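The values are calculated or read from the model by the stated rules, or taken from the named source; none is laboratory data. These figures come from a predicted structure and were not determined experimentally. Here the Cβ positions follow ideal geometry from the backbone for every residue, glycine too, while neighbour counts run over all protein chains shown.
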Amino acid sequence: MRDAMGTLWNGPDDEGRAGHFDGEIPICGLRMSAESQLQAVSFYRAFPADMVIEGLHIGMTLTEAKRARPKLCETGETRGVVEFRDETTAGELLDARFADGLLIGLCLSQPGMVLPERPWKNADPRLREAYNVWPEDAQPLPERERDARWAKGWCLGRPPGITTAQWPLSPCYGHPLRHAFTLYLPEAYRTQGPERVAISLFVDDQVDELEEICSGEDDEQPWMRDLYQRHPRSFPMQDGLQGHCCGIWLTQAEFDGPLAASPDLADYPLLRGLPQPLWQRAESGGSDLLDTLGESDESLRCYAHGTAHPIGVAEREDDPNIGRPAREWDHENEHSGYIVAFSEEGEALDLPRFEQWPHHLGGTMIPVQGYPDFSPYYFEFGEEFAGFNFGGGVGQLDLLQMKLDWAC
């Protein structure tokens, strides 16, 4: 099936579903069992009508279908789609769906197989806390021996505790990724072990238009250095637009350690002659560069002046969604009990009030578009938190699965 679908293959997802698409139009799909065996194959309205499957084909009338398979029996109707079922000579179930008297879908399935369940289907009773998070006004960021103002971490500026060689690089542009924030996590959200107390997030610059570098010999690939000297708790990630980012989990000693210096890669063969990212140019050029560029961007000012925004954290009260993974569809939320903020029940509980806290650990998620399939151990943040460009939207970082998503 994968070979037949080629570049149009989508999936399989966590529930074993995969599909063949023409753009966004589904043509056929399949589902794998928990043992990675083919459990079902489905054929949709866009599937070629001249392909005959067990005597049936897309677009035929119900009368024609019953003539071809006299044992077709009606099993139900949902939103104008009438479903019929038969059994093949091989013992497979054959389900046929009709709308306005025409066949619009077929499914062949093997009964009795155990299907995979998506992760985080149910609530996690161990998680009982959510936290509001916010950036304070920018202040000079001490190189070391930081006081209580910095105890919860900081936005922008430089990261602590890693070496220059461990600074993650962009696989696309070759340059160092931008340090967005370092967040000191409450114990309940230390998903990589109790000794990993904080996470630093590095991202591709979403504003600066950099030049993608060409491939060359291995020793000329700047990003290969990241692979060879990667921090032991480094998690490379990609967002939905293939932007690169990386999370690094820090110990207490690393969090308390001196600030790291970003690597200077100007002499790397594939980067020679190419401009550095603006944040790195600001870091090295200071105020003079800002005057030259005429930039008033807050993030560039922090990198230029050696400042950062201390992070504030406070426990969130009366959030019923703590420990409940958010999902897109109501039937999926039935398992966890998650309450969508702008649903009738959510409005009755005044959950939209949490919009005033766009940056938070766990609890009620308020995405701009769909809900990512994340665990309840997540951090949601707006673009103003650390110089992001989400097109006015918000992002989410799953601290357990180490995935990042955003939408506008």
Right, SER109: touching a Cys at 6+ places or on another chain (Cβ under 7 Å) and surrounded by 12 or more Cβ atoms within 10 Å (Cβ to Cβ) or not?
-> no
Among the residues of region 176-187, which ones are crowded, with 18+ Cβ neighbours inside 10 Å and either touching a Pro at 6+ places or on another chain (Cβ under 6 Å) or not in a strand (DSSP E or B) (or both)?
-> PRO176, LEU177, HIS179, THR182, LEU185
Restricted to region 38-77 and to residues being in a loop (DSSP other than H, G, I, E, B) and of a type in the set (Gly, Ala, Ser), the residue nearest to ILE104 (Cα to Cα) is GLY59
Unmet requirement for ALA266, which otherwise passes all of (1) hydrophobic (A, V, I, L, M, F, W, C); (2) at pLDDT 85 or above; (3) under 30 Å from LEU141 (Cα atoms); (4) in a loop (DSSP other than H, G, I, E, B) | (2)
Failed item in (1) part of a loop (DSSP other than H, G, I, E, B); (2) surrounded by 13 or more Cβ atoms within 10 Å (Cβ to Cβ), with HIS20 passing the rest | (1)
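Quick grid of which residues meet (1) exposed (fewer than 11 other Cβ atoms within 10 Å of the Cβ); (2) of a type in the set (Gly, Ala, Ser); (3) outside the structural domain of GLY105 (by TED's automatic domain parsing); (4) over 28 Å from the mean Cα position of the chain (by Cα):
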| site | (1), (2), (3), (4) |
| --- | --- |
| GLU15 | no, no, no, no |
| SER33 | no, yes, no, no |
| SER36 | yes, yes, no, no |
| ALA49 | no, yes, no, yes |
| MET60 | no, no, no, yes |
Top-ranked residue in region 95-121 [being of a type in the set (A, V, I, L, M) and within 28 Å of the chain's Cα centre (by Cα); ranked as nearest to ALA49 (Cα to Cα)] = LEU115
For residues that are of a type outside the set (Ser, Thr, Tyr) and outside any loop (DSSP other than H, G, I, E, B), scanning just region 294-309, find the one that is surrounded by the most Cβ atoms within 10 Å (Cβ to Cβ).
-> ALA308
Considering each residue of region 218-263, count those that are outside any helix (DSSP H, G or I), modelled with pLDDT of 85 or more and of a type in the set (D, E, K, R), and give that number.
-> 3
Among residues of region 388-405 being of a type in the set (A, V, I, L, M, F, W, C) and closer than 18 Å to SER200 by Cβ, the residue surrounded by the fewest Cβ atoms within 10 Å (Cβ to Cβ) is LEU400
Please work out if PRO171 is assigned to a loop (DSSP other than H, G, I, E, B), farther than 30 Å from GLU254 by Cα and touching a strand residue (DSSP E or B) at 6+ places or on another chain (Cβ under 8 Å).
-> no
Tell me, which strands (runs of 3 or more DSSP E) wholly within region 310-408 include 1 or more residues that are over 24 Å from GLN192 (Cβ atoms) and in contact (Cβ under 8 Å) with a residue 40 or more places away in the chain?
-> 403-407
Quick one: in region 95-106, of everything that is out of contact with any Lys or Arg (no Cβ under 7 Å at 6 or more places or on another chain) and part of a strand (DSSP E or B), which residue is surrounded by the most Cβ atoms within 10 Å (Cβ to Cβ)?
-> ALA96
When you go through GLY392, GLY306, GLY337, GLY312 one by one, which is the residue that is assigned by TED's automatic domain parsing to the domain that holds PRO140, over 23 Å from the mean Cα position of the chain (by Cα), at positive phi and of a type outside the set (Lys, Arg)?
-> GLY306
Count of region 366-408 residues which are within 21 Å of ALA308 (Cβ to Cβ) and of a type in the set (Ser, Thr, Tyr) = 0
Can you find a residue in region 343-355 that is of a type in the set (Ser, Thr, Tyr) and surrounded by fewer than 19 Cβ atoms within 10 Å (Cβ to Cβ)?
-> yes
